[in-house]
Amino acid sequence: MPGPSKQGLIVQPRDTRLLTELGLVRVADREQAKCLGGFSSTTRANTRLLALTRAGLISRFFMGTNGIGRKALYTLSPKGAKLVGSSYQGLRRAKDEFLIGDFFVHHQLSVNEVYCAVKYRPIPVPGTCFVHWVFFTEPMAQGLALIPDGLFELRARDQMVSAFVEVDLGNETRSVWQAKVKAYLRYAMSGQFAEQFADRPFRVLAIAHSDRRTASLRAATTSITEKIFWFASFDSIERAGFWSAIWQRPKDNRFQPLLPNP
């Protein structure tokens, strides 16, 4: 069980949880660290993040916000990784470095928003609970150059729901996105999902940075398929919530929730 660090910090269960989660999500801002570590107070979160940074268990750097400010980001240090038995040892960025235009960081922070919403925030559908999330670091199937941003599964009353997550920040061309759509369709028809995970259908949640980008992805998908894909934007999630009626299918303009209420 984790004990004192060399700096005299007594590692608490909440610290262990946060360090373990940082090993999975790779980088987090303060609000995400609050969620991942189970902090209800911003003041307590700030105090603990500073203590963990000074103890060398996490590393801190900064990212600009809207060109006028900055926010702190946190990643697991080699010492923190050793403490919790994680193979991941954080981002290769200089201590307290100020990041500008770092696409990987922006993308991962967006994926984390989905992760926190699904795993740690209430699901307002009776009889539904989070089961697990899978992060991918390599192609999920042989012969497919496809690395999803995540896969989560829920238990919804008497059945399981499986969903891949694709976060889109507008950096991919239409042809690249369509190639990804075709890869998911090949995967769905191959039967490999049943071999790797479970013998049930899955859906793909495409979450874009804006409503306009969502419309563009839907249009690019419609000519290929009307199946398995569900679309929403981070704007709509922020306005109404992840589980609200904000989702659209490729050829259906209606807005609907991912999980129908009983």
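General observations
- Filter pass, residue 255 being surrounded by fewer than 20 Cβ atoms within 10 Å (Cβ to Cβ) and aromatic (Phe, Trp, Tyr): yes
- Cβ-Cβ under 7 Å pairs, at least 6 apart or on other chains, segment 11-40 side closer than 16 Å to residue 79 by Cα, far side assigned to a loop (DSSP other than H, G, I, E, B) and hydroxyl-bearing (Ser, Thr, Tyr): 11/5; 20/86; 23/86; 23/88; 26/88
- Here residue 222 clears all of (1) at pLDDT 95 or above; (2) polar (S, T, N, Q); (3) farther than 19 Å from residue 175 by Cα except the condition numbered (3).
- Residue check, residue 51 farther than 19 Å from residue 105 by Cα, part of a helix (DSSP H, G or I) and either out of contact with any Gly (no Cβ under 6 Å at 6 or more places or on another chain) or of a type in the set (Asp, Glu) (or both): yes
- Selection over segment 241-261 of residues that are part of a loop (DSSP other than H, G, I, E, B) and in contact with a Lys or Arg (Cβ under 7 Å, 6 or more places away or on another chain) gives a count of 1.
- Selection from segment 27-47 of residues that are surrounded by 21 or more Cβ atoms within 10 Å (Cβ to Cβ) and among the charged types (D, E, K, R): 34
- The combined condition, being closer than 25 Å to residue 234 by Cβ, of a type in the set (Phe, Trp, Tyr), modelled with pLDDT of 90 or more and part of a loop (DSSP other than H, G, I, E, B), is fulfilled by residue 136.
- Residue in segment 185-194 that is in the same structural domain as residue 129 (by TED's automatic domain parsing), out of contact with any His (no Cβ under 8 Å at 6 or more places or on another chain) and in a loop (DSSP other than H, G, I, E, B) present: yes
The values are calculated or read from the model by the stated rules, or taken from the named source; none is laboratory data. The shown structure was predicted, so the numbers you read here are calculated from the model rather than taken from an experiment. Quick reminder, even Gly has a Cβ in these numbers, built from the backbone with ideal geometry, and neighbours come from all protein chains shown.
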